[in-house]
Amino acid sequence: MNFMKQALILATRAFAHDDVPIGAVIVRDGKIIARGENRVQKNHNPMLHAEIVAINNACKKLGTKFLDDCDIYVSLEPCAMCATAISFARIRHIYFAASDEKGGGITANARIFDTDKHLWHPEITQIPEYADESAKLLREFFALRRKKSE
């Protein structure tokens, strides 16, 4: 199964309910155990980023607070809040499609894993072959939002 493609499908679902199109899946032993899409607008809650939703679903499913044998696939580089939550959940590996120059918490801005003071350092891999698809979805979303506000 193509896990990043599944994250992008979830991003499209977020777009459909007027949320920033970001999706995330959590994988354990080669199988998706949890999914998440941005639900900030839908649920009127600024905390409900795709990664947070997926982490909550995975912890609930497994009955644990640590996901150290799991990986997360996200359509956009996690923000600082989500990267920290991923660290607190002890997720083993972060895979992301598009980097986020403005709000990213890993390669841009906060760069939260660049210090030794962070308790858990996941492996981090960008999957560039999906970056354009993710970025295109985000551009379309924000163009539509700007058009609506005019």
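FYI, it's all coordinate maths here, none of it is from the lab. Nothing here was measured: the structure is a model prediction, and the numbers come from that model. Virtual Cβ from ideal backbone geometry, glycine too; neighbours counted across all protein chains shown.
Annotations for the structure displayed:
- Listed peptides 99-110, 64-75 by packing density, highest first (mean Cβ within 10 Å): 64-75, 99-110
- Angle between the chain longest axis and helix 3-16 axis [Cα atoms, degrees, rounded to 10]: 40
- With helices as the sole contributors, the chain gives -12000 deg cm²/dmol at 222 nm; each DSSP H run of n ≥ 4 counts as -39500 (n - 2.57), and the sum is divided by every residue.
- Computed over the chain, Kirkwood Rh from alpha-carbon pairs, angstrom: 15.1
- Antiparallel bridges, percent of DSSP beta bridges restricted to the chain (to nearest 5): 55
- Against the main long axis of the alpha-carbon atoms of the chain, helix 131-149 sits at an angle near 40°.
- Computed magnitude of the charge dipole of the chain (debye, nearest 20; Cβ of K, R +1, Cβ of D, E -1): 560
- With R₀ fixed at 22 Å, the C-beta to C-beta distance from Asp29 to Asn56 puts the FRET efficiency at about 0.65.
- Other residues whose C-beta falls under 11 angstrom from the C-beta of Tyr95 contribute a net charge of -2, scoring Lys and Arg +1 and Asp and Glu -1.
- Distant-in-sequence amide H partners of Ile124 (H built 1.01 Å from N, under 5 Å): Ile94
- Looking at the range 68-119, the pairs of alpha carbons with a distance over 15 Å make up 41% of the total.
- Peptides 130-136, 54-60, 42-48, 77-83 ordered by average Cβ neighbours within 10 Å, highest first: 77-83, 54-60, 130-136, 42-48
- Phi angles across the range 44-60 convert, under the Karplus curve 6.51 cos²θ - 1.76 cosθ + 1.60 with θ = phi - 60°, into 3J(HN,Hα) values of 6, 9, x, 7, 8, 6, 3, 5, 5, 4, 5, 4, 4, 5, 5, 5, 5 Hz, Gly and Pro given as x.
- Anchor Lys147: lysines whose Cα lies under 17 Å away (excluding residues fewer than 8 positions away in-chain): Lys136
- Cβ charges +1 (Lys, Arg) and -1 (Asp, Glu), total dipole of the range 1-77, debye: 300
- Amide N proximity, the range 17-35 versus His44 label position 7 Å along Cα-to-Cβ, cut-off under 19 Å: 17-20
- Paramagnetic reach from Thr64 in the range 99-122 [backbone N under 19 Å; point 7 Å along Cα→Cβ]: 119-122
- Sorted peptide list for 17-28, 86-97, criterion being average Cβ within 10 angstrom, highest first: 17-28, 86-97
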